Structures are given as structure tokens and as C-alpha cells.
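Okay, structure first, notes after.
The values are calculated or read from the model by the stated rules, or taken from the named source; none is laboratory data. Since the model is a prediction, treat every value here as computed from it, not as a measurement. A quick note on method: Cβ atoms are made from the backbone with ideal geometry, for glycine too, and the neighbour counts reach across all protein chains shown. What goes into the accessible areas is simple: the full protein's heavy atoms, side chains included, and nothing from ligands, DNA or RNA. Shrake-Rupley method; radii C 1.70, N 1.55, O 1.52, S 1.80 Å.
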Amino acid sequence: SIRRLARLAHERMQAGQRCAEVWLSELIWRDFYHQVMHHHPHAMTGAFRPEYDAIAWEQGPAADALFAAWCDGRTGFPLVDAAMRQLNPTGYMHNRLRMVAASFLSKDLGLDWRRGEAYFAQQLLDFDLAANNGGWQWASSSGCYAQP
């Protein structure tokens, strides 16, 4: 059970195993985002802070071409491209690369985070609605603890 795994990870963390600490941290974030979704269901389809739904994201054919390039790993930015090229055939991407790819889509390309969130939902083998949504909102600065 998850409780048994968490207890074991906690014991290993107490013994100095960094990987157990990281795993527990990710578990805590997942649970945090589940709580956000439960208490603020509007955040499943829009920004946690409704004023961020007013962000003017890039749209139109040029935006669609940028999104396609991002999905295919053809942005010209090696780290982002490598992350997307790993995701597409494997269904997996390391958490740090998820943050890089999400931040790049929303902040560098100016594309709506919900497009990327939906793409990750289709591609990720370990997809979790709350964690995916929370991560995308964090990366796009539209979440419950958004930074400009």
C-alpha cells in the first residue's frame, strides 16, 4: 500500500537516502494538488486564480505551428527538444524536464498552458490529473502560488 511505501521511504530518508526524500516530496506535492482540486474544482479547467484566465495567449496559425514544433521536439532548443523526444515514444519525462518544457511552452512561446497540459495528459504513462494540472499552473504562473 502507499502508506507502507511512504513509511519505508520515511525510514530511508531518516537514514540519509536522498532518493527517498525526493520520492516523499513528490508524493506530498501530488497530495497537495489533489487537495487543491478537491477544494477548488474550477482549477481543473481554468487558472486557480481566475484573474489569470485573462492572460492573452498567442493564437492562430503561427501559434499552432509553434505548438506542433514543441510537441514534436523541433523548437531548436536542445533541452526542450530532448525532453519532448523522450516523452513521445516512451510516455515518460523526468519531473525537472516537465517543468522546463512547461515553462518554455507558456513563458517563451506564449502558448496557453492548457494546451500543454492536455498534451501531457495524452502522452504520460504516469498521468495524474491533479499533479499534471498543478505542475502546469506552477510553470505558467497561474496556480495557487503563482510567481510573475
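In this rough spin-label picture, where each label sits 7 Å from Cα along the Cβ direction, the Arg7-His42 distance is 4.1 nm.
Between Arg49 and Asp108, 0.36 nm times their residue separation minus their Cα-Cα distance comes to what?
Details: separation 59, 0.36 × 59 = 21.24 nm, distance 2.12 nm.
Between Arg49 and Asp108, full extension yields 19.1 nm more.
Using a Gaussian network model on the chain with a 10 Å cutoff between Cα atoms, which of Gln137, Gln17, Gln35 fluctuates the most? Comparing Gln137, Gln17, Gln35 in a Gaussian network model of the chain, the most mobile one is Gln17. Anisotropy class assigned to the chain is oblate, per the alpha carbon gyration tensor with a/c at or over the 1.5 cut-off and a/b no larger than b/c. The candidates Tyr92, Tyr52, arranged from most to least accessible area with a 1.4 Å probe in the full protein assembly, appear as Tyr92, Tyr52.
Here the chain exposes an accessible surface that is 58 percent carbon and sulfur, computed with a 1.4 Å probe and the other protein chains kept in place. Annotation: per residue accessible area for the chain equals 59 Å², rounded to a whole number [probe 1.4 Å, protein chains only]. Spatially, the range 66-81 and the range 101-125 are offset by 11 Å when compared through their Cα centroids.
What is the range 67-148 by shape, rounded, prolate or oblate, if you read a ≥ b ≥ c off the alpha carbon gyration tensor as root eigenvalues and call it rounded for a/c under 1.5, prolate for a/b larger than b/c, and oblate otherwise? Oblate, since a/c reaches 1.5 and b/c is not below a/b. Between His34 and Tyr92, the simple label model (points 7 Å from Cα in the Cβ direction) yields a spacing of 2.3 nm.
Heavy-atom accessible area for His40, with the other protein chains in place and a 1.4 Å probe, reaches approximately 70 Å².
Computing FRET efficiency as 1/(1 + (r/R0)^6) for Val22 and Ala56, where r is the C-beta to C-beta distance and R0 is 41 Å, gives about 0.65. Per-residue surface analysis assigns Phe67 an accessible area of about 30 Å², computed on protein heavy atoms at 1.4 Å probe radius. For Glu21, the accessible area of its heavy atoms, probed at 1.4 Å with every protein chain present, is near 80 square angstrom.
Sorting Cys144, Cys71, Cys19 by solvent-accessible area of protein heavy atoms yields Cys19, Cys144, Cys71, largest first, with a 1.4 Å probe.
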